[in-house]
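Note sheet for the following structure.
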Amino acid sequence: MIPFNEFVEENSFVVCAHRGASGIAPENTVAAVERALESGAPMVEIDVQYTRDRQMVVFHDDTLERTTNGTGLITDRSLDELQELDAGSWFSPDFAGERIPKLVDVLEQMRGRAYVNIEIKPRPASEQTAREMAELLNLVRSVEMFNKCVFSSFDHAALVYIRSIARDARTIALNVPGDMRSPARVVGACGADGFGCSLEEVNRQRADICQHFRIPYGVYTVNTPQELEFVLDHGASGIVTNMPHVIIPHYRTISSTS
Ligand code: G3P
Ligand code: CA
């Protein structure tokens with residue numbers, strides 16, 4: 001696999017599976033990542049958080065209730081405690097026994113198969129952020145995935161730390177809902193390479209600013225062919241989708257006929 005920097009030079013549009021193929025498998029699990037890879041997704045987005053004993057795991061919510069049979073805050077639990085939980089049955093009995101994966105395991109699952117969009121969940125403002133971002137970079141380097149990853153976050157301070165540690169890290173600033181600054185100001189303030197926003201936040205003004213300043217921008221969550229065509233019409237450089245098995249064939253069809 002070529003480095004992601006080179007991949008985006010060769011591909012003007014990137015389809016990224018959101019929390020794995022989370023429309024057809026329980027989000028942020030090994031099964032969801034595998035379904036995304038099977039659908040041909042060149043990139044997979046995962047959410048990363050710390051456990052009580054400072055292990056990095058792939059999980060979205062602050063709390064365990066929605067997507068596991070556990071309760072309470074994820075940050076209050078050790079890795080061993082979390083790995084006792086069932087993270088698949090809430091989605092379907094077919095996925096009973098899926099676990100909350102360690103980040104390292106998912107990176108190894110994807111190595112050589114897809115690029116990784118690591119979303120760093122917002123951190124409490126703390127002096128720990130610098131250490132955590134250094135640990136994240138060390139982990140990504142230890143599995144030789146550094147140039148196959150991008151780091152995205154609503155927590156722009158975390159992205160600043162990442163760039164201060166690794167100047168060549170690729171970062172995407174996710175627009176904090178309600179932030180009406182232009183994409184140029186958002187990425188300029190934290191030195192990000194790209195901008196990310198929700199489908200609801202896409203408009204002609206943001207699109208024009210991204211085009212004018214040549215800011216790559218991605219949109220979440222784009223799940224239907226109509227939504228895909230809307231964001232393509234607004235000049236997006238990529239999307240994040242729960243439905244890569246639907247979106248990838250549609251993108252191939254429309255890009256081969258245009
Ligand atoms: O890629 C951006 C998107 O994942 C952010 O929202 O809540 O799905 O993590 P969320
Ligand atoms: Ca996410």
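The values are calculated or read from the model by the stated rules, or taken from the named source; none is laboratory data. Quick caveat, the model's predicted, so the values are computed rather than measured. Every residue, glycine as well, gets a Cβ built from its backbone with ideal geometry; the counts of neighbours run over all protein chains shown. With ligands, DNA and RNA removed, areas are computed over all heavy atoms of the protein, side chains included. Shrake-Rupley method; radii C 1.70, N 1.55, O 1.52, S 1.80 Å.
What the table shows:
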{"read-out": "Computed label-point distance, nm, for sites Arg54 and Thr224 using a 7 Å Cα→Cβ extension", "value": "4.7 nm"}
{"read-out": "Accessible surface, the chain, averaged per residue in Å² (probe 1.4 Å)", "value": "45 Å²"}
{"read-out": "Amide H contacts under 5 Å for Val116, placed H, 5+ residues apart", "value": "Val44, Cys149, Val150"}
{"read-out": "Extension gain, Glu201 back to Glu144 (0.36 nm per residue minus Cα-Cα distance, nm)", "value": "17.0 nm"}
{"read-out": "Share of carbon and sulfur in the accessible heavy-atom surface of region 169-258 [1.4 Å probe, %]", "value": "54 percent"}
{"read-out": "Region 50-152 - percent of accessible surface contributed by carbon and sulfur, probe 1.4 Å", "value": "45 percent"}
{"read-out": "Total charge dipole magnitude, region 1-160, about the Cα centre, Cβ charges on Lys, Arg, Asp, Glu only, Debye to nearest 20", "value": "200 debye"}
{"read-out": "Hypothetical label at Met1: residues of region 133-148 whose amide nitrogen lies under 14 Å (7 Å Cα-Cβ projection)", "value": "140-148"}
{"read-out": "For Arg170, distant residues with modelled amide H under 5 Å away", "value": "Phe151"}
{"read-out": "Nitroxide proxy distance, nm - points 7 Å out along Cα→Cβ at Ser256 and Asn11", "value": "1.7 nm"}
{"read-out": "Region 11-22 - phi-based ³J(HN,Hα) in whole Hz, Karplus 6.51/-1.76/1.60, Gly and Pro as x", "value": "10, 6, 9, 10, 9, 10, 6, 8, 6, x, 7, 6"}
{"read-out": "Karplus 3J(HN,Hα) series, Hz, for region 91-106 with 6.51 cos²θ - 1.76 cosθ + 1.60 (x for Gly, Pro)", "value": "8, 6, x, 4, 10, 4, x, 4, 10, 6, x, 6, 4, 4, 5, 6"}
